[in-house]
Amino acid sequence: MINPKLSKIFYGGDYNPEQWEKPVWDEDVRLFKLANIDIATVNVFSWALNQPNEDTYNFEWLDEVIDKLYKNGIYVCLATSTGAHPAWMATRYPDILRVDFEGRKRKFGGRHNSCPNSPTYRKYARLMAQKLAERYKNHPAVLVWHISNEFGGACYCDNCAAAFREWLKNRYGTLDALNAAWYTSFWGHTFYDWDEIVPPNILSEHFAQYRTNFQSISLDYARFNSDSMLACYQLEYDELKKQTPDVPVTTNLMGTYKPLDYFKWAKQMDVVSWDNYPSATTPVSFTAMRHDLMRGLKDGQPFMLMEQTPSQQNWQPYNSLKRPGVMKLWSYQAVARGADTVMFFQLRRSRGACEKYHGAVIEHVGHENTRVFRESADLGAELNRLGDRLLDSRVPAKVGIVFDWDNWWAVENSSGPTVALNYVDEVHKYYQAFYDQNILVDIIGVDTDLTKYDLVIAPVLYMVKPGYAKRLEEFVEQGGTFLTTFFSGIVNETDLVTLGGYPGELRSLLGIWVEEIDALFPDQENRIVLKEKVGDLAGDYSCNLLCDLLHSEGAEVVAEYGEDFYAGMPVVTRHNFGKGQAWYVASSPDAAFLKGLVGQIAADKGIKPLLKTPPGVEAMARTKNGETFLFLMNHNRQPQTVDLGIIQGTDLLADEAVSGSVEIGASGLRIIAYPNTNT
Ligand code: GLA
Ligand code: ZN
């Protein structure tokens, strides 16, 4: 449980009283109570208010806010305010300002703007955390600490360059080892002194944000940058923990956010939290995948939905409103996938600056008679009724899809074989194939224990880290099924090709040798011609993007290419290895093929879909104490009927017994509780 002090799904969100005069605060509290809000995230962007100059700290305003909230039954998620530094700090200590990818020294402005290796930033951020912890350690209102805000971006300043060199010394020990790992014999890059190494940006190795001459250097810089920010987080974390060891600490993540290795970060977080901002056109399966990723960061532990908008964003090109019911539906989508909180950005809409058109529970009109307020209050009341029923329940998935940040960076830094390869999209294609048939999936890292899974899918496992091939082999030997795809097993941790034939370390597991890799133009495709029926799949299907030209070395050929000079070569193979099987899909297939393929592979392992539902109706389950909570979420704007089969249970929201066929309203949902034995 995130904090047993509030034993229900926390409901509330970002609250910025520092933007308002005091009389508004009283009105806020009245409205929060009306909306059934029980947690407010405060002090997110108030560093300048808290520390008006180098020697003065002023927390009286915050005391008053926290006391007022608590007296009214509202807890706080207490942020440390270090997500945007004060202007005076930038003027006085320019080391705090970042140097951007183009090599320009930034001036004061924006937020999330501090150099992670700035001594000034580290000193004052740590001090701020220490002072806040001292001041509020005994305050009963504090449920969670929220460090900074959405850590992100990158810096290329001289302090970062110096820190990078230290980071490299630590990683490689000697310049010889570094030169070998980076393959600096290419283009005469041999380094004879650590000081010759400079950050890879547009002034040095890059010719675009993710296009670089030296993948190994850029890869290490991405790791270093993520680690630098993590070190800043850690400084604050340690200060908070010294004084409040029992208060959970988090920082709000951003889903598939490329610059930070969240699997590494999550190890230092007590609870994962994240900000979910899909647009109206984001596939719901994509949002689902991101929730599953956030749950996977800490091995399936529940996470916090830290932010979502109650109605609309301001920063997307077209900020459409969430249609009636959709805010509630998407809130429960998060809960279904492991969220134990539902929180918004923000509670009251700002009057000025760039977020004044961002949705909020309290709109500019200032009162409660709005659609958004009514929908918010209604959800709040419902969450009160649910109490602790769903809290801490787990998702019983038997399928793991591997997602790895190092691999992501390496794949997309690659110069060739195609610019069109998007790692997240390839993962999502596989994810969606399961999602569309309501088969539960965990998104897992390369450190995640594989033994609890029956089926592991690793799309585009380009980089194989030390020991991972062995672990996959053990998994399959013991009976697991593994599937990987084109452009896998190619390089080691520093982006050096594993010699002796692709897919390198995965070659014996897969029983294949990939001789060449063909890149297709966007308007080109090839065909997957099945040699045998796989479930309902028969005949041929299309594929595109990349085509591996491969030879079987013991694998059975399930399908062959239908076109081009490699027609008749294997495109899908299955290799018996120990007690299990290893599949290889040598190109990027169409959705129908993938759905059929993974559906059948899952069925062969006895992994069943939760339920068959009409298109656009998402089914998901969490379990606890012998009980299953089945979420049925209708993303269509028309009502749908779902056949529950043998499931008989209680609809927790409608408070009625359900069985047989149930109707789900437009953008509506049901949460059906039943004993695990009842399926
Ligand atoms: C992010 C930030 C918030 C706010 C919202 C707006 O998630 O954390 O401070 O800017 O975006 O959508
Ligand atoms: Zn810097």
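The values are calculated or read from the model by the stated rules, or taken from the named source; none is laboratory data. None of the values given here were measured: they were computed from a predicted structure. Quick reminder, even Gly has a Cβ in these numbers, built from the backbone with ideal geometry, and neighbours come from all protein chains shown.
For the stretch 304-313, the tally of residues that are near ligand 1 (Cβ under 7 Å from one of its atoms) and part of a loop (DSSP other than H, G, I, E, B) stands at 2.
Scanning the stretch 468-502 for residues being in a loop (DSSP other than H, G, I, E, B), in contact (Cβ under 8 Å) with a residue 24 or more places away in the chain and not aliphatic (A, V, I, L, M) gives a total of 12.
Among helices (runs of 4 or more DSSP H) entirely within the stretch 6-110, having at least 3 residues that are crowded, with 22+ Cβ neighbours inside 10 Å and more than 16 Å from ligand 2 (Cβ to nearest atom) singles out 60-71.
When we screen Ala592, Ala586 for residues that are exposed (fewer than 15 other Cβ atoms within 10 Å of the Cβ), in the same structural domain as Gln437 (by TED's automatic domain parsing) and of a type outside the set (Val, Ile, Thr), the only hit is Ala592. If you take the residues in the stretch 111-124 that are away from ligand 1 (no atom under 16 Å from the Cβ) and outside any helix (DSSP H, G or I), which one is farthest from the chain's Cα centre (by Cα)? Among those that are away from ligand 1 (no atom under 16 Å from the Cβ) and outside any helix (DSSP H, G or I), it is Ser118. Sub-7 Å Cβ pairs linking a first residue in the stretch 154-173 that is of a type in the set (S, T, N, Q) to a second residue that is at pLDDT 95 or above and within 13 Å of ligand 2 (Cβ to nearest atom), at least 6 apart or interchain, are Asn159/Asp95; Asn159/Cys115; Asn159/Asn117; Asn159/Ser118, ordered by first then second residue. When Pro94, Pro23, Pro4 are checked against the criterion of being outside the structural domain of Val372 (by TED's automatic domain parsing) and free of Cβ contacts under 8 Å to residues at least 12 places away in the same chain, Pro4 stands alone in meeting it. Within the option set Arg337, Arg371, being in contact (Cβ under 8 Å) with a residue 24 or more places away in the chain, surrounded by fewer than 23 Cβ atoms within 10 Å (Cβ to Cβ) and either charged (D, E, K, R) or assigned by TED's automatic domain parsing to the domain that holds Tyr435 (or both) holds for one residue only, Arg371. What is the number of the single condition among (1) over 15 Å from Leu240 (Cα atoms); (2) more than 16 Å from ligand 2 (Cβ to nearest atom); (3) outside any loop (DSSP other than H, G, I, E, B) that Ala133 does not meet? For Ala133, the failing item is (1).
Quick grid of which residues meet (1) without any contact (Cβ under 8 Å) to a residue 12 or more places away in the chain; (2) buried (at least 20 other Cβ atoms within 10 Å of the Cβ); (3) assigned to a helix (DSSP H, G or I); (4) touching a Phe, Trp or Tyr at 6+ places or on another chain (Cβ under 8 Å):
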position	(1), (2), (3), (4)
Ile217	no, yes, yes, yes
Met229	no, yes, yes, yes
Cys232	no, yes, yes, yes
Glu239	no, yes, yes, no
Asp246	yes, no, no, no
Lys258	no, no, no, yes
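When we screen Asn319, Asn314, Asn276, Asn252 for residues that are more than 24 Å from Leu450 (Cα to Cα), touching a Cys at 6+ places or on another chain (Cβ under 8 Å) and modelled with pLDDT of 95 or more, the only hit is Asn314. Entry remark, the stretch 15-49: residues being of a type in the set (Phe, Trp, Tyr) and more than 11 Å from Asn72 (Cβ to Cβ) number 4 in total. Ala410 falls short on exactly one of the conditions (1) within 30 Å of Met463 (Cβ to Cβ); (2) without any contact (Cβ under 8 Å) to a residue 12 or more places away in the chain, and that condition is (2). For the stretch 289-319, the set of residues classified as aliphatic (A, V, I, L, M) and either farther than 16 Å from Asp261 by Cα or free of Cβ contacts under 8 Å to residues at least 24 places away in the same chain (or both) consists of Met289, Met304, Leu305, Met306, listed by residue number.
Can you confirm whether the stretch 514-528 contains a residue that is in contact (Cβ under 8 Å) with a residue 12 or more places away in the chain, closer than 23 Å to Asp604 by Cβ and assigned to a strand (DSSP E or B)? Yes - at least one qualifying residue is present in the stretch 514-528.
You will find that of Gly103, Gly83, the residue that is within 16 Å of ligand 1 (Cβ to nearest atom) and either among the small types (Gly, Ala, Ser) or free of Cβ contacts under 8 Å to residues at least 40 places away in the same chain (or both) is Gly83 and no other.
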